[in-house]
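Would you mind keeping the following structure in view while I ask a few things?
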Number of protein chains: 2
Amino acid sequence: MSERIGHHGLKSKVMTAQDAAQFVSHGDNVGISGFTGAAYPKAMPTAIAEKAKAQHQEGKEFAINLFTGASTAPDCDGVLAEANALAYRMPYQSDPIMRNSINAGGMNYQDIHLSHSALQVEQGFFGQLDVAIVEVTRITEEGHLIPSSGVGNNVEYLDNAQRIIIEVNEWQSLDLEGMADIYRIPRLPNRTAIPINNSGDRIGTPYIDIDVSKVVAVVETNAPDRNSPFKPIDEVSKQIAGHFLDFLEGEVRAGRLAYDRYIMQSGVGNVPNAVMAGLLDSKFENIQAYTEVVQDGMIDLIDAEKMTVASATSFALSPEYAERMNNEAARYRKYLVTRPLQISNHPEVIRRVGLIASNGMIEADIYGNINSTHVAGSRIMNGIGGSGDFTRNAYISTFISPSEAKNGAISAIVPFASHVDHTEHDAMVVITEHGFADLRGLSPRARVPKMISVAAPEYRPLLEEYFARAQKDSAAHTPHDLATALSFHSNFLQNGSMK
Amino acid sequence: MSERIGHHGLKSKVMTAQDAAQFVSHGDNVGISGFTGAAYPKAMPTAIAEKAKAQHQEGKEFAINLFTGASTAPDCDGVLAEANALAYRMPYQSDPIMRNSINAGGMNYQDIHLSHSALQVEQGFFGQLDVAIVEVTRITEEGHLIPSSGVGNNVEYLDNAQRIIIEVNEWQSLDLEGMADIYRIPRLPNRTAIPINNSGDRIGTPYIDIDVSKVVAVVETNAPDRNSPFKPIDEVSKQIAGHFLDFLEGEVRAGRLAYDRYIMQSGVGNVPNAVMAGLLDSKFENIQAYTEVVQDGMIDLIDAEKMTVASATSFALSPEYAERMNNEAARYRKYLVTRPLQISNHPEVIRRVGLIASNGMIEADIYGNINSTHVAGSRIMNGIGGSGDFTRNAYISTFISPSEAKNGAISAIVPFASHVDHTEHDAMVVITEHGFADLRGLSPRARVPKMISVAAPEYRPLLEEYFARAQKDSAAHTPHDLATALSFHSNFLQNGSMK
């Protein structure tokens, strides 16, 4: 048995995932660890999926309601969706099998602001939480849990679940211990301020204390996180990153930003990694991150002594960087703080620290409404994640995206957003490879030329035609021609192109 | 000269509004007091409007950029819009003349989350603030300003303006002194937590301290706030209020709410007043408000000893209640706290106290996206105000509205929101006279029957037809038929009815 289980009583709870699956029943509300491919339970999801299949073969119903931190992995969301083992899922996913099941009506998915997710469980909006399944690096002698590569909603799930299943993953470095900062906001009506004033402030403990008597099983694993490689930085991403840095430089010139101690929040992906690569060669120093996930680019910035601290809830590293982290966690933990998702994404702290948010999008309309989640209004891609938490509360909020997709068949700038995740009241700057549209201080009509200027050149005349048509019938605050407002999307659905 | 000007140096600055208008020039950024008809400057707007007209008659340009707390009054927003004296206006308005000017393209209006408004000025997004024009009850000997019937963005405008014009309004009761709680969040990068844990906590001073040397004029006035009478509570409002109270009762039964110390936030209008009238006869005790404006219904709740404290940024009283307030401010100030808008609407405090938000809307779609601002997607009505600040951060967020308007020509429940101010990720409960749709924990498809159940009966078959059609072509997470998604609105524009 692993030396990673220090607590005497919990040693006696060690069993296989198959045996532990007895504690998960049809209809259960199950909260699990896992955020962006890190720290998800590696064995239990497959065991539950197999149990579901067996039950289905016997003609019995078996489906659980699954709450996570965010996206997980094929051997978690993927196997569970494939086994039709899920009735409901929240708050974020990015698995192809799961996505298809959701869009086919095979399961219910609720796309929730990440800062709301554990809060709503805690507030009882889902009824009783039956089971928490949480991966850890080790269990101390006192029965404290040392988080693995992410914290996510673990604290709230462990606090609120009736039964706890712990996965102890030997793949995770023991040197991660000391990186997590576990803090609980007192429950209503006794909530108080979160005493974080700076990204790196530590306000809690490096472990999660739990009610050990609720633990029904401990499962030992030795399996890597789902760490997706990033593609090499392409030309378009480099151009977008260049415009993002131009924008920052402009803020410095305007006296609204300093080269010292710029605080970043960054979504995950190739463009954000290009931005971070750009920062490596920039004048910005002592950069901090108050964000959701630690990414490769931040590790590079730390190694280059350009970044002093990154606060996040989890890792989202490539396999190469994950290995480096596992080897050098003792060094990196001086620069990294992993927090409960409710803290990493809390409006209170986000608004306080004054960060510049940067998130991806599917499309923006000419007035600055942002669609982050749906293709042509109907099909969900992934989810809003924490982009709403950061966008609404950032010092400056930006959205970054290539101006077109599918070889030009899709424009990221459209007349009317087919789904709105961030409103015209929230988006400040939209950046594509053609430049940045700074919408601050502008009325809707005044935003239009800026937005059209960052659209792909072949779509600009179409957008201008739309705006002219929208203004023809009746001048208005936000002119729209409802008959053709969604024509880009209809065209795409019918002809495979928005043109 | 009024005894209300205590500061020796400022006595020498007393002049007429016409004379003071010399300090307001074409192109100026001007921040004024005023929130929902209370505490706006009574003399300067007309003086500026007259200056604008005179300049225009001489063929000269004259237009200022006007920042307020929220809506003001005909003798403020109205006269300025009528004189074409405004190039830009933020963050909220409700004046008919101004609305027409905005929709006709006569001026630029930016509809900003109220909690963002002073913040964006402070952060320099509008450049230099040239002038602050603020109404007060009196000026102390030290030169401190005692706020009148509201605080709004006064503190930030006074702090950031190069020149200050003060209006001292004798109509405002001197007994308002002690009601305001003036607190400044330290500036970036030194921001710290706002130490409010309970609605009634006082954390600041009862006055605004200013740089007296910036004051260029003091204008004496004696004029009432624009206090609009409320209509008698109609049957539909009563029914909506009944369903709202039913919803609260259900939360108590579910253990998610107590009869003691329920905390309300409430938009302004007849339905909210009906809700507060309903609370008078309810089992709820020791009710608190952490909200934007003090309304008649809250005064009634205080008088009935049902409400212990109301925190707001301003008053929105009927003439009858405003008179009562002026006579009895010394008594009411024990129950009322007026705060800077940035504090009354701050996500940090809103999320901490755990309030139940209740705001009006123009329409909601079948998936729970909320349009609070635009008629048929294009024409602005008023603005988002603080509804986003409260909705996103409330313990529970509700939207309340009659199910139809214009004698049934308009349905408040539509297939696709023609503008989105609150996303499907934010709205939890939608309440009409037909009941409440509790959307918590539901996927988009699962929300549809709930939403249709609160629509007007004659619109339900049309909504069901739409949902069936939307699902026919392709099952999806959020099924839409883009060709007919906006047909309710197109119908209304073409035929005067959504039917």
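The values are calculated or read from the model by the stated rules, or taken from the named source; none is laboratory data. Keep in mind that this is a model prediction, so the values were computed, not measured. Positions of Cβ are backbone-derived with ideal geometry, glycine not excepted, and every protein chain shown enters the neighbour counts. Surface areas here come from the heavy atoms of the whole protein model, side chains and all, with no ligands, DNA or RNA. Shrake-Rupley method; radii C 1.70, N 1.55, O 1.52, S 1.80 Å.
Over the protein assembly as shown, what number does the Rg to Rh ratio reach, with both radii from the alpha-carbon atoms and Rh per Kirkwood?
Checking Rg against Rh, the ratio lands at 0.96.
Another question, then. Can you tell me the 0 to 90 degree angle between the C-alpha axis of helix A:270-280 and the longest principal axis of chain A, rounded to 10?
Its long axis makes an angle of about 90 degrees.
Please give the residues from the stretch B:345-378 for which the solvent-accessible area of heavy atoms, probe 1.4 Å, is smaller by at least 40 Å² with all protein chains in place than with the chain isolated.
Output list: B:PRO347, B:GLU348, B:ARG351, B:ARG352, B:SER378.
Then there's this: Among DSSP bridges having both ends in chain B, what percentage is antiparallel? Round to the nearest 5.
The answer is about 25 percent antiparallel.
Another one. Report, for A:ASN100, each distance to the same residue's label point in the other copies, shortest first and in nm; define the point 7 Å along Cα→Cβ.
5.9
Return the sequence-ordered ³J(HN,Hα) values of the stretch B:24-31 in whole Hz as given by the Karplus equation 6.51 cos²θ - 1.76 cosθ + 1.60 applied to θ = phi - 60°, using x for Gly and Pro.
Karplus values, whole Hz, x for Gly and Pro: 10, 10, 3, x, 5, 8, 10, x.
Would you mind checking the tilt of helix A:44-57 against the longest principal axis of the Cα atoms of chain A, expressed as 0 to 90 degrees and rounded to 10?
That works out to roughly 90 degrees.
How many percent of DSSP beta bridges within the protein assembly as shown run antiparallel, rounded to 5?
Values: 36 of 141 bridges.
The answer is about 25 percent antiparallel.
Here's another thing I want to ask about it. Using a ≥ b ≥ c from the Cα gyration tensor of the stretch A:203-273 (square roots of the eigenvalues), is it rounded, prolate or oblate, where a/c under 1.5 gives rounded and otherwise the larger of a/b and b/c decides, a/b for prolate?
Oblate.
Okay, moving on. In percent, how large is the relative contact order of the stretch B:235-495, given Cα pairs closer than 8 Å and 6 or more residues apart?
Once normalised by length, the contact order is 17 percent.
Return one number: the angle in degrees, 0 to 90 and rounded to the nearest 10, between the long axis of the Cα atoms of helix A:319-332 and the longest principal axis of the Cα atoms of chain A.
Result, in degrees: 70.
What number, in percent, do you get for the relative contact order of chain B if the mean sequence gap of Cα pairs under 8 Å and at least 6 apart is divided by its residue count?
So the answer I get is 14 percent.
Rounded to whole Hz and in sequence order, give me ³J(HN,Hα) for the stretch A:98-105 from the Karplus expression 6.51 cos²θ - 1.76 cosθ + 1.60, θ = phi - 60°, writing x for Gly and Pro.
Working through the residues one at a time gives 4, 4, 5, 4, 4, 6, 8, x Hz.
Still on this structure: Defining the label point at 7 Å along Cα→Cβ, can you sort the distances from A:PRO74 to the same site in each other copy, shortest first, in nm?
Once sorted, the set of distances for A:PRO74 reads 7.0 nm.
Let me ask something else about it. Tell me, what is the percent relative contact order of the stretch B:140-278, built from C-alpha pairs under 8 Å that lie six or more residues apart?
Computed over the stretch B:140-278, the figure is 27 percent.
With all pairs of different alpha carbon atoms counted, what Kirkwood hydrodynamic radius in Å does the stretch A:107-231 show?
16.1
Taking the Kirkwood radius as the inverse of the mean 1/r across Cα pairs, report the Rg/Rh of the stretch B:8-221.
Over the Cα atoms of the stretch B:8-221, Rg/Rh equals 0.96.
What list of ³J(HN,Hα) couplings, whole Hz, do you get for the stretch A:109-119 from phi and the Karplus terms 6.51, -1.76, 1.60, once you set θ to phi - 60° and write x for glycine and proline?
3J(HN,Hα) across the stretch A:109-119, in whole Hz: 10, 10, 9, 10, 3, 4, 5, 8, 5, 5, 4.
I want to check the label-to-label distance for B:ASN190 and B:VAL212. Put each point 7 Å from Cα in the C-beta direction and report it in nm to one decimal.
2.4
State log₁₀ I(q)/I(0) for chain B at q = 0.12, 0.13 Å⁻¹ as given by the Debye formula over alpha-carbon point scatterers of equal weight, solvent excluded.
So the normalised log intensities work out to -1.07, -1.22.
What is the set of long-range amide H partners of A:GLU220 at a cut-off below 5 Å, with H atoms built 1.01 Å from backbone N?
The list, which skips near neighbours in sequence, is A:MET15, A:VAL168.
Further, regarding this structure: Using 7 Å Cα-to-Cβ label points, what is the B:ALA54/A:SER12 separation (nm, one decimal)?
9.3
One decimal, nm, shortest first: give the distances between the label point of B:ARG202 and those of the same position in the other copies, each label point 7 Å from Cα along Cα→Cβ.
Distances between equivalent label points, in nm: 4.1.
What do you get for Rg/Rh over the stretch A:189-316 if you use C-alpha atoms and the Kirkwood form of Rh?
1.08
Once all Cα-Cα distances of the stretch A:253-384 are split into 5 Å bins that start at 0, what whole-number percent is in each one?
That works out to 2, 9, 18, 21, 19, 15, 9, 5, 2, 0, in percent per bin.
Within the stretch A:8-221, what percent of beta bridges assigned by DSSP are antiparallel, to the nearest 5?
Taking every DSSP beta bridge with both residues in the stretch A:8-221, the antiparallel ones total about 20 percent.
Work out Dmax and Rg for the stretch B:81-167 from the C-alpha atoms and quote the Rg first, both in angstrom.
Expressed in Å, the Cα Rg and Dmax of the stretch B:81-167 come to 14.6, 47.
Now for a different question. Could you pull out every residue, at least 5 positions away or on a different chain, whose amide H is within less than 5 Å of the one on A:ILE5? Hs are placed 1.01 Å off N in the peptide plane, and Pro or chain starts have none.
So A:ILE5 has HN proximity to A:ILE139.
If each DSSP helix of 4+ residues adds -39,500 (n - 2.57) and the sum is divided by the residues in chain A, what number results at 222 nm, nearest 500 deg cm²/dmol?
Calculated from helices alone, the mean residue ellipticity at 222 nm is -8500 deg cm²/dmol.
Can I ask one more? Which log10 I(q)/I(0) values does the stretch B:303-446 give at q = 0.09, 0.10, 0.15, 0.20 Å⁻¹ under the Debye formula, counting every alpha carbon as one identical point scatterer?
Taken in order of the listed q values, log10 I(q)/I(0) reads -0.35, -0.43, -0.87, -1.21.
Using only the Cα atoms of the stretch B:387-499, what semi-axes does the equivalent ellipsoid have when each is the square root of 5 times a gyration tensor eigenvalue? Give whole Å, largest first.
22, 18, 13
Skipping prolines and chain starts, which residues have an amide H placed within reach, meaning under 5 Å, of the one on B:LEU86, given they are 5 or more residues away or on another chain?
It is B:ILE64, by chain and number.
Sticking with this one: State which entries of A:LYS231/A:LYS334; A:LYS11/A:LYS334; B:LYS238/B:LYS334; A:LYS13/A:LYS214 exceed 20 angstrom in Cα-Cα distance in the structure shown.
A:LYS231/A:LYS334; A:LYS11/A:LYS334; B:LYS238/B:LYS334
State whether the stretch B:235-495 is rounded, prolate or oblate according to the following rule on the C-alpha gyration tensor (a ≥ b ≥ c being the square roots of its eigenvalues): a/c under 1.5 gives rounded; otherwise a/b larger than b/c gives prolate, and the remaining case gives oblate.
prolate
Something else: Rg (Å, one decimal) plus Dmax (Å, integer) for the alpha carbons of the stretch A:41-110?
Expressed in Å, the Cα Rg and Dmax of the stretch A:41-110 come to 11.0, 32.
Can you order the peptides B:427-433, B:406-412, A:171-177 by their average number of other Cβ atoms within 10 Å per residue, highest first?
Numbers: B:427-433: 24.6, B:406-412: 16.6, A:171-177: 20.0.
Order by mean packing, descending: B:427-433, A:171-177, B:406-412.
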